[in-house]
Structure formats: C-alpha cells, structure tokens
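> Following this message is one structure expressed as structure tokens.
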Amino acid sequence: MAQFSKKIMITGGAGFIGSHVVRLFVTKYPGYQIVNFDLLTYAGNLENLRDIESMPNYIFEKGDITDEKRLNELFNQYHFDAVIHLAAESHVDRSILDPLAFVRTNVLGTATLLNVSRNHWKDKYEGKLFYHVSTDEVYGSLGEEGFFTEETPYDPRSPYSASKASSDHFVMAYHHTYDLPVIMSNCSNNYGSNHFPEKLIPLMINNIKNNKPLPVYGKGANVRDWLYVDDHARAIDTIFHNGKIGEKYNVGGFNEWKNIDIVHLLCRIMDKKLNRAEGESAKLITFVKDRPGHDLRYAIDATKLNKELGWKPSLQFEEGLEKTVDWYLKNEDWVNDVTSGNYQKYYEQQYAKR
Ligand code: NAD
Ligand code: DAU
C-alpha cells in the first residue's frame, strides 16, 4: 500500500471551486492522498474531475458534512492530517428562497466537521490543519469607496452570507476555545470553467448562446471583484502550506466590475465567437426586479496575502473571460446535463415573475 506524506479530506470537491482545488492538489502533490468528500447536490458533479479520477492518490467518498457518524468512519479509515473545507450551499438567490437549507449545510455542517476533527486530533494537534474556505460577503456591502481588509467587522446581509459568517465564527471559536489549528480565507467572486450556470457569468454565457433574455438585476450597477478560479486554487495552496495558524487571509482579484459592464463585455466576446453582428447579443439584455437586499459593492484588499505569502492573481480578466467562454462553448454536454431536470424548476421559480 502506498505511503502518503499527508492525507487530506477536501469537502465540496465536486463543486466549482472544489474541483479546481482537488485537481491542483492531486496533480501537484502525488505524495498526498486526497479524499474528496461531497454529497453531490445539484451543484456537485463528478464529471468535473473525469481527467484525474484514476490517479492513485485520489479517492471520492460520497457523504454529507452534517453526518457525524459517516465523518467519524472516514477519519478512522484515512487518519486525515488536514481538512480543506469548501462544501456549502453557495448561491445567494437560493438562500433567499430557502434560508434553512443554508443554516443546515453551512452552519451545522461546518460545526459538525469541526467537532469531528477536534475529537480525532485533540491528543496531538501537531501537524494537523483545518482550512476553512469562506467568502468576502461576510463583510457586508461597501459604498463607492473603500475595501474589505481582514479587520473589517462582519456585517452579513443575505441568508447565505449570514450562514457563512456563522461558520467562520465557529471556526475561530474552535481555535480560541479548543486550540484547534485552523486557517481561513475569504475570497471575492470566482469565475472560470465548471461554474454552475445559476451564477451571473455562466448564466449569461448560456443565455447569450441560446438567444434567451439576459436578466440583469436592478440597474446592473452592483460591483463585484472577479478572480479566475485557478488563481483562487493557487491561493488556497499557498495559504494551506505557508499561512499562519489562527489567521485569516483575504483573496481577491483587484478587479472590480459593474454587472452591466460584464454583461456587455460577454455580449461582445460572444458576438465574435458566434459570428453574430456586433451588438446583436446585447439586444437580449433585460433589466429585471432587483435581488432583495442586494449588496452594492464588494472589493477585497488582498495586500496581506501578497506581502506575507507572495500570492497575486495571474490572469487578466478579459483573457480569463475569453477562456471561460471557450470552455462553455466546447462543453455543451456538461451544460446540458447540469441545466436539465431540477435546474429548470429553479429557473422558473427564480425568473418567471421578475
Ligand atoms: P458550489 O455550489 O459550486 O459547490 C459546493 C459543493 O459542495 C458541491 O459539490 C456540493 O455537492 C457540495 N455540498 C453541498 N452540500 C454538501 C453537504 N451537506 N455535504 C457535502 N457536500 C456538500 O460552490 P463553490 O462556488 O465551488 O464554492 C465553494 C466554497 O467556496 C463555498 O464554501 C463558498 O462559500 C466559497 N466561496 C465561493 C466563491 C464563489 O465565487 N463561487 C467565492 C468565495 C468563496
Ligand atoms: O463574493 C463571493 C460570492 O460570490 C460567493 O461567496 C458566492 O458563493 C457566489 O455565488 C458569489 O455571490 P454573488 O451573489 O456575488 O454572485 P452571483 O453570480 O449570484 O451574482 C453576481 C452579481 O450579478 C450580483 O450583483 C447579482 C447579479 N446577477 C446575478 C444573477 C444570477 C444578475 O444581475 N442577474 C442574475 O441572473
């Protein structure tokens, strides 16, 4: 049996960001054993990892982070040295439709995982690490100016961000109360391949392609700070290996965009790719009722991560968006698979009355 120098459970590894993190760790660290623990909800898809699924250091285990018994069995079986925790309900609009699902997974699930990790590691914390992946949305909403730093007080405003904020507090509470070795990062909006088409960028790409209305909430004036998903995965790798126990790190793209400007940029890119006349796709733009409690602006100050650990984003936004569009146009089957069935029902509920 192969001897591994580290055994890591990655939760949510079949999702958007998780699959990029799993791929990076499996391919970059053949000496680590990577166990992907995922419930395979609507957002989890093992197709995302087809290319690495037969690697000898990769294993998939299906399960729920709220299932203490199952987690205990896996800790007994694999003797994990570390957990990288990404599993979550991640879509703000869904959290408005069904907040308690977010409390269950994001709060109860994270607390259960912390508890199991503590119970298995408490006799010897040395060499152990609980890495929690969180979001910039816990900081609330910015006005026209300023940035979120690691010291910005928490001010979550949606059920999603409230559930993530709560999970962050549990992580820090386990560190302060029980000395559990933890690290946390709070990242801005990611984009790239394998992003579920309920989120702004893949939803717009899919609708432009299918000549469907492009539903821009409110006036499209809300601002997000976009980071290419592989750059986030690299940040997690850097922080996991070099970050300081008990600390948190902000991760961001230094790349703020108004929603409406992104939609126009995507329309221009897709007009070219689909051989449409310039301006044709933009005719699909439809302003719809705003998201309740819609946060105006997010912008991350990632100076700490840059200065202390040397990380910075590698890709320009236009280049990253073009790569992303190419991936979606080439992977029609993936899009068709994930947008069939239940997704249709969600889409109806979310957009029908707007
Ligand atoms: P995602 O929705 O694409 O994937 C979530 C994954 O978690 C899926 O594979 C799903 O099957 C799994 N999962 C859900 N509930 C589970 C449960 N109870 N037990 C086990 N697995 C479960 O999410 P994402 O966009 O990849 O986000 C991953 C993490 O990164 C989340 O914690 C999110 O809060 C955080 N984050 C996301 C972004 C972003 O822009 N997408 C930015 C910052 C932080
Ligand atoms: O900031 C990090 C967060 O980014 C992550 O923690 C979340 O998991 C992730 O979903 C994302 O949240 P947002 O709410 O910012 O992302 P979303 O893609 O849903 O929306 C981006 C912006 O686009 C937001 O201002 C709402 C707007 N929007 C979104 C959709 C789906 C529209 O105008 N129309 C749409 O149809």
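The values are calculated or read from the model by the stated rules, or taken from the named source; none is laboratory data. Remember, predicted model here, so these are calculated numbers, not experimental data. In this analysis, Cβ positions are derived from the backbone assuming ideal geometry, glycine residues included, and neighbour counts consider all displayed protein chains.
> Taking the range 154-168 on its own, how many of its residues are out of contact with any helix residue (DSSP H, G or I) (no Cβ under 6 Å at 6 or more places or on another chain) and either free of Cβ contacts under 8 Å to residues at least 12 places away in the same chain or among the hydrophobic types (A, V, I, L, M, F, W, C) (or both)?
Matching residues across the range 154-168 total 1.
> Residues that are assigned to a loop (DSSP other than H, G, I, E, B) and closer than 23 Å to Trp121 by Cα: does the range 49-57 have at least one? Show your work before the answer.
Let us first name the residues in the range 49-57 that are assigned to a loop (DSSP other than H, G, I, E, B), namely 53-57.
Restricting the remaining residues to those that are closer than 23 Å to Trp121 by Cα gives 57.
Within the range 49-57 (the criterion being assigned to a loop (DSSP other than H, G, I, E, B) and closer than 23 Å to Trp121 by Cα), the answer is yes, since at least one residue qualifies.
So that you can scan it fast, the table gives a plain yes or no per residue for (1) at pLDDT below 95; (2) among the acidic types (Asp, Glu):
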position: Ile201; (1), (2): no, no
position: Leu227; (1), (2): no, no
position: Phe254; (1), (2): yes, no
position: Asp261; (1), (2): no, yes
position: Asn275; (1), (2): no, no
position: Glu278; (1), (2): no, yes
position: Ser281; (1), (2): no, no
position: Val288; (1), (2): no, no
position: Gly293; (1), (2): no, no
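> Please determine whether any residue of the range 99-106 is within 25 Å of Ala165 (Cα to Cα), surrounded by fewer than 16 Cβ atoms within 10 Å (Cβ to Cβ) and of a type outside the set (Val, Ile, Thr).
yes
> Moving on to the next point. From the residues in the range 121-164 that are crowded, with 23+ Cβ neighbours inside 10 Å and among the aliphatic types (A, V, I, L, M), which one is nearest to Ser5 (Cα to Cα)?
Among those residues, the one meeting the criterion is Val133.
> Given the residues Arg276, Arg291, which is the only one that is without any contact (Cβ under 8 Å) to a residue 60 or more places away in the chain and in a loop (DSSP other than H, G, I, E, B)?
Arg276
> Can I ask one more? Is it true that Asn189 is within 16 Å of ligand 1 (Cβ to nearest atom) and in contact (Cβ under 8 Å) with a residue 12 or more places away in the chain?
Answer is yes for this residue.
> Test of understanding: among Val22, Val116, Val35, which residue is crowded, with 17+ Cβ neighbours inside 10 Å and more than 21 Å from Ser5 (Cβ to Cβ)?
Values: Val22 fails: more than 21 Å from Ser5 (Cβ to Cβ); Val35 fails: more than 21 Å from Ser5 (Cβ to Cβ).
Exactly one residue qualifies, and that residue is Val116.
> State which residue is surrounded by the most Cβ atoms within 10 Å (Cβ to Cβ) when the search covers only the range 294-310 and only residues that are part of a helix (DSSP H, G or I) and of a type outside the set (Val, Ile, Thr). I'd like the intermediate steps shown before the answer.
From the range 294-310, those part of a helix (DSSP H, G or I) are 303-309; that's our starting set.
Filter once more, so that each one left must be of a type outside the set (Val, Ile, Thr): 304-309.
On the way: Lys304: 17, Leu305: 23, Asn306: 17, Lys307: 9, Glu308: 15, Leu309: 16.
Only one residue tops the list, namely Leu305.
> Residue check: is Ala82 touching a Leu at 6+ places or on another chain (Cβ under 9 Å), within 21 Å of Val171 (Cα to Cα) and within 12 Å of ligand 1 (Cβ to nearest atom)?
Spelling it out, it is not the case that Ala82 is touching a Leu at 6+ places or on another chain (Cβ under 9 Å), within 21 Å of Val171 (Cα to Cα) and within 12 Å of ligand 1 (Cβ to nearest atom).
> Okay, moving on. Restricting to the range 99-140, give me the number of residues that are without any contact (Cβ under 8 Å) to a residue 40 or more places away in the chain and not in a helix (DSSP H, G or I).
3
> Check whether at least one residue in the range 305-326 is within 18 Å of Gly15 (Cβ to Cβ), in contact (Cβ under 8 Å) with a residue 12 or more places away in the chain and β-branched (Val, Ile, Thr), and report yes or no.
There is at least one residue in the range 305-326 that is within 18 Å of Gly15 (Cβ to Cβ), in contact (Cβ under 8 Å) with a residue 12 or more places away in the chain and β-branched (Val, Ile, Thr).
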